[in-house]
Amino acid sequence: MFWHRGVPILTRRMRTDEASEWRSGGSTHMRRRLKLVAIDVVGAVAFLVPAQALASSEGSFNPGFLLSAGSGECPVGVGMEISGMVFPKGDPGSIGYGGFFQAQTYAGDYGRLAFGFQLGNVVGGELGFAGLTRSDLHTSTFALHTGVFASAAVLGTGLRVTIPMSGSDHGLPAHGVEVSWVLTLKVPIYSGRVFNSFGRPLRDEQGPITAAAREASGWADVSDPALVAHLSPRERGELAALWVEAALAEHASIATFAALALELLALGAPADLLAACQQAAQDELEHARLSFGLASTYAGRPLGPGKLPLPATGLSGDAAAVAYLSFTDGCIGETFAAALARRAQRRAIDPAVARALARIAADEARHAALAWRIVAWCLTLDPARVRAALGAALAAPELEAPAAPLTDVLGLPIVPAARHGAVPVDEQKPLRRRAERTARARLKRMLRAPREARAEGGPVP
């Protein structure tokens, strides 16, 4: 064989079977070309899905080990699988679509490559193409790949059926139908946000407000070199960014509670509510110091907040508005924040991180209880308007868990992130839904029987 202008020219005679096939009208050759084109198209589209999962704000990328056992020339195959899943509804608990690629070897005798599409979540199905290389007994074979699977994050299992599509060649038959049980051990990497949002947000007309982080002294109370000794520079940078965002949210919450205290003063609130509100602002100050301390330790330099752009809006003096925000940001938001901190605390391996999260969880639960007291007190001021505002809160669609403005888990293994206080978005969403549904149920009881509900002073169950 030699090459002329990039085109291979055959100088040797074709084998008799190949020449006869080529002269038979080209129908077999054309069918094979069409199969190859279809496989190329499906493969190209399927490989776009893992890439989209990596770039998506709600997706997962899952490399892992693959083991199969079943019928066929060699019953046991080992190899690897890479898959990606995208969640169009923005909820990793919803139905998603994805792509997969599998590569296996069977006792070193022949190999199997497969790619295609997946649809589902915890359970689902997949469809694609497979290629089985030539062995001593069978020729190389193109096949249809079908399967069903069940997956629980790191572990998956399923049933796979491979149906041959090409005929015999070189005097050898194609690989036959294979039915295999499949086990996968994966390392899911979520591209959803892992930002831990604690505290009550400060807002203007455009949305939440926070200060910008800067190098500053006076905010970092934690200095623990052992916390970062085993981390790479990239991991330290990612974790510093995560805790900076948490610290800035806590810092903004100081202003939120200061504004709430002024609103309560304008409405003539009793002393115990004012004292509790001021204590909450002090709690948020301590949370900010703890969070900036952890961020500074990860970053290797002292960090703190810059100027906070306070919203231009003045006091509303409106009991209905105070009740509405106390319900959404306090009864729901701070209950969620407490649950989030508790979840993060259970996985934190460093004592300084665990202590900070324990303090945050306990304080946020008390802030949620304060929000319920404020809602109940506002109902005594202007029952009709406050009840209407709270009814509007119940009628509003459920809120999503807050997304991170900066940090995600791409490039940072999920286990180190979780060990240092991160909670991935697929775990945040159920916590948020539980907090919201529990709070909505309690508010409905409060509006149906206000006198009995107002006597409730504890946190949301």
Checklist entry - Based on what the data block shows, is residue 283 free of Cβ contacts under 8 Å to residues at least 12 places away in the same chain and either surrounded by fewer than 20 Cβ atoms within 10 Å (Cβ to Cβ) or of a type outside the set (Lys, Arg) (or both)? => result no
Item to check | Count - residues of region 102-125 that are more than 22 Å from the chain's Cα centre (by Cα) and either of a type outside the set (Asp, Glu) or in a strand (DSSP E or B) (or both) | outcome: 14
Item to check | Test for residue 278: is it free of Cβ contacts under 8 Å to residues at least 12 places away in the same chain and open to solvent by 40 Å² or more (accessible area, probe 1.4 Å) | outcome: no
Next on the checklist: When you scan region 367-384, do you find a residue that is open to solvent by 20 Å² or more (accessible area, probe 1.4 Å) and within 15 Å of residue 253 (Cβ to Cβ), even just one?
Outcome noted: no
Item to check | Options 316, 296; residue that is polar (S, T, N, Q), part of a loop (DSSP other than H, G, I, E, B) and touching a residue at least 12 places away in the same chain (Cβ under 8 Å) | outcome: 316
Checklist entry - Using beta carbons and a limit of 6 Å, which pairs, at least six apart or on different chains, have the first residue in region 232-258 and within 17 Å of residue 292 (Cα to Cα) and open to solvent by less than 20 Å² (accessible area, probe 1.4 Å) and the second one modelled with pLDDT of 90 or more and β-branched (Val, Ile, Thr)? => result none
Checklist entry - Would region 352-361 turn up any residue that is closer than 16 Å to residue 421 by Cβ and touching a Phe, Trp or Tyr at 6+ places or on another chain (Cβ under 6 Å)? => result yes
Next on the checklist: Checking residue 220 against (1) closer than 16 Å to residue 352 by Cα; (2) assigned to a helix (DSSP H, G or I); (3) open to solvent by less than 50 Å² (accessible area, probe 1.4 Å): exactly one of these is not met. Which one?
Outcome noted: (2)
Checklist entry - Residues in region 181-194: is at least one modelled with pLDDT of 80 or more and of a type in the set (Gly, Ala, Ser)? => result no
Next on the checklist: Restricting to region 385-410, and then to whatever is modelled with pLDDT under 70, open to solvent by 40 Å² or more (accessible area, probe 1.4 Å) and not acidic (Asp, Glu), can you tell me which residue is farthest from residue 240 (Cα to Cα)?
Outcome noted: 399
Checklist entry - Looking at region 133-164, which of its residues are modelled with pLDDT of 90 or more, within 35 Å of the chain's Cα centre (by Cα) and buried (at least 17 other Cβ atoms within 10 Å of the Cβ)? => result 143, 145, 147, 149, 158, 160, 162
Checklist entry - Checking residue 296 against (1) in contact with a helix residue (DSSP H, G or I) (Cβ under 7 Å, 6 or more places away or on another chain); (2) crowded, with 24+ Cβ neighbours inside 10 Å; (3) of a type outside the set (Phe, Trp, Tyr), which single condition isn't satisfied? => result (1)
Checklist entry - Would you pick out the residues in region 74-91 that are of a type outside the set (Val, Ile, Thr), modelled with pLDDT under 80 and open to solvent by less than 50 Å² (accessible area, probe 1.4 Å)? => result 85, 87, 90, 91
Checklist entry - Does region 336-353 contain any residue that is under 22 Å from residue 273 (Cα atoms) and open to solvent by 10 Å² or more (accessible area, probe 1.4 Å)? => result no
Next on the checklist: Quick check on this structure: which one of 310, 273 is farther than 25 Å from residue 431 by Cβ, open to solvent by 20 Å² or more (accessible area, probe 1.4 Å) and over 30 Å from the mean Cα position of the chain (by Cα)?
Outcome noted: 310
Item to check | Counted residues, region 420-458 - those being of a type in the set (D, E, K, R), at pLDDT 70 or above and more than 16 Å from the chain's Cα centre (by Cα) | outcome: 8
Checklist outcome for this item: Within region 340-391, of all residues that are β-branched (Val, Ile, Thr) and within 27 Å of the chain's Cα centre (by Cα), the one farthest from residue 271 (Cα to Cα) is 349
Checklist entry - Is there any pair with a first residue in region 122-137 that is farther than 12 Å from residue 172 by Cβ and a second that is surrounded by fewer than 16 Cβ atoms within 10 Å (Cβ to Cβ) and of a type in the set (Val, Ile, Thr) whose Cβ atoms are under 7 Å apart and which are 6 or more apart or on different chains, and what are they? => result 125/148
Checklist outcome for this item: Within region 137-175, the residues that are closer than 20 Å to residue 79 by Cβ and outside any strand (DSSP E or B) are 138, 140, 154, 175
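The values are calculated or read from the model by the stated rules, or taken from the named source; none is laboratory data. Just so you know, these numbers come straight off a predicted model, no measurement behind them. Neighbour counts run over all protein chains shown; Cβ positions are idealised from the backbone, glycine included. Side chains are part of the model used for accessible areas, which takes the heavy atoms of the whole protein and leaves out ligands, DNA and RNA. Shrake-Rupley method; radii C 1.70, N 1.55, O 1.52, S 1.80 Å.
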